[in-house]
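The structure appears right after this line, and notes come after that.
Taken together, the values in this text are just the output of simple stated rules run on the coordinates, not laboratory data. As the structure is a prediction and not an experimental result, all values here were calculated from the model. A quick note on method: Cβ atoms are made from the backbone with ideal geometry, for glycine too, and the neighbour counts reach across all protein chains shown.
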Amino acid sequence: MAFVKGGERTFYLGALMGLVAFSIDVILPALKAATAHYGVPEAQGGLLVSLYFLGFALGQFLFGPLADAFGRRPVLMGALLGFLLAGSLTLFAPTFSLLLWARVFQGFFGAAFRVVATAAIRDLYRGEAMARRLSQALFVLLLAPVLAPSLGVALLPLGFRAPFAFPVLLALLVLLWGALRFGETLPEERRRPLALGTLWEGLLLVLRDRRALLYTLALGALFGVLYAYLSAAPLLYGRLGLSGLGFALAFGGTGLLQALANLLNGRTVEGLGLARSLRLSFLALLLALAFLPLTALFPSALGLWLHLSLVLFLVTLAFPNAQARALEGLGRVAGLAASFTGFFSTLLASLLATGVGQASRGEPVPFALGLLLLGLLAFLAQRGAEA
């Protein structure tokens, strides 16, 4: 069973990535109401985001080897079922602790969507072609920050659980679509048995690839900027007078710029080449972050939004190219390589973003300084990878 057209395949893989993003962005307007319902401090609402990322990191380490051994399709279908069950638990969790555990497992199963999508693209493309396909898939993903917060605000009058229900419905639709149309991209002769020796051999191939390791570090720092923004945005914009619909519009506007970055990236890679595009995007990101603390010294909602939107635009421009570069020499173990880079970059990003969030507590200047450190780390790792 296979897709009739490559465009449908790319759109479906983008929808998988978008499902992960919707699971985060649509609940952001409901964090305050959720903590109030369970009688816990408002600051603990951020755990519904950060613990999702923790489960997401752990799941990536498992699903890559499984997808290499059994194929992309069966692993994806099983993960979608697990995601549906965990998402359903968020709708009926009687305690905040159980809700947190449901989010961990939701992130765990959601990790398969990114691993399978990335590995499937790597099965079919490499180098600049892979970067273009990743950009196209990520364009679908970036509909989430544009639409999800406004959708969350619209659903909130139905109860704080209503935004949690949307990813469940979306996952059901993606499961049915995939069951009917998702074709296997990994032929049986290219599969790697799920054995300790095989896994160790594949892991050694990844560990010996200096470029893959350093780009994994760079991806962790890039994701750290994004995750710190996601966790801090409701509190940060709230301090500047943006809440409810205002927050949703600001968040969605940044998402539109990120979608534009993905549209531009394919042409940029074609015109400049993958290596040069990476150098320029990481340098531009560092420069943008270097001036962010100055904007944060005298913050206004519009000024900070514009500067953060530029930062996220550049992060989005750099991400698919860095991912493609990390996996370029690892086609033999694409699933394991996607798991390795995904697991360690996401785990690193979660730790870094939590550190920035806890240190800044929504204050603009400490938040900006934290992002600058992440940008410097990403820049140095990228330069080291290409040295």
Using 0.36 nm times the number of residues separating R276 and R191, minus their current alpha carbon distance, what extension gain do you get?
27.2 nm
Can you pull a Stokes-Einstein diffusion coefficient for the chain at 37 °C (0.692 mPa s), Rh from Kirkwood over Cα pairs, as a whole number of µm²/s?
159
For peptides 246-253, 150-157, sequence by mean Cβ density within 10 Å, most packed first:
246-253, 150-157
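Once you have the Cα-Cα distance between L173 and R239, take 0.36 nm times their residue separation minus that, and quote the gain in nm to one decimal.
20.0 nm
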Just report the Cα centroid separation between the stretch 243-278 and the stretch 73-91, whole Å.
29
Note the full-extension length gain between S88 and R383 as 0.36 nm times their separation in residues minus their Cα-Cα distance, in nm to one decimal.
101.8 nm
On the formula 1/(1 + (r/R0)^6), with r taken between the Cβ atoms of L158 and L264 and R0 of 35 Å, the FRET efficiency rounded to 0.05 is 0.40
Along the charge dipole of the chain, Cβ charges K/R +1 and D/E -1, which of L286, A120, L272 sits furthest on the positive end?
L272
With x for Gly and Pro, the residue-by-residue ³J(HN,Hα) of the stretch 91-98, computed from phi through the Karplus equation 6.51 cos²θ - 1.76 cosθ + 1.60 at θ = phi - 60° and given in whole Hz, is 7, 10, 4, x, 10, 5, 4, 5
Given charges at Cβ of Lys, Arg, Asp, Glu: the chain dipole, positive-most of S97, T216, Q258:
T216
Rounded to the nearest 20 debye, what is the charge dipole size of the chain about its Cα centre when +1 sits on each Lys and Arg Cβ and -1 on each Asp and Glu Cβ?
400
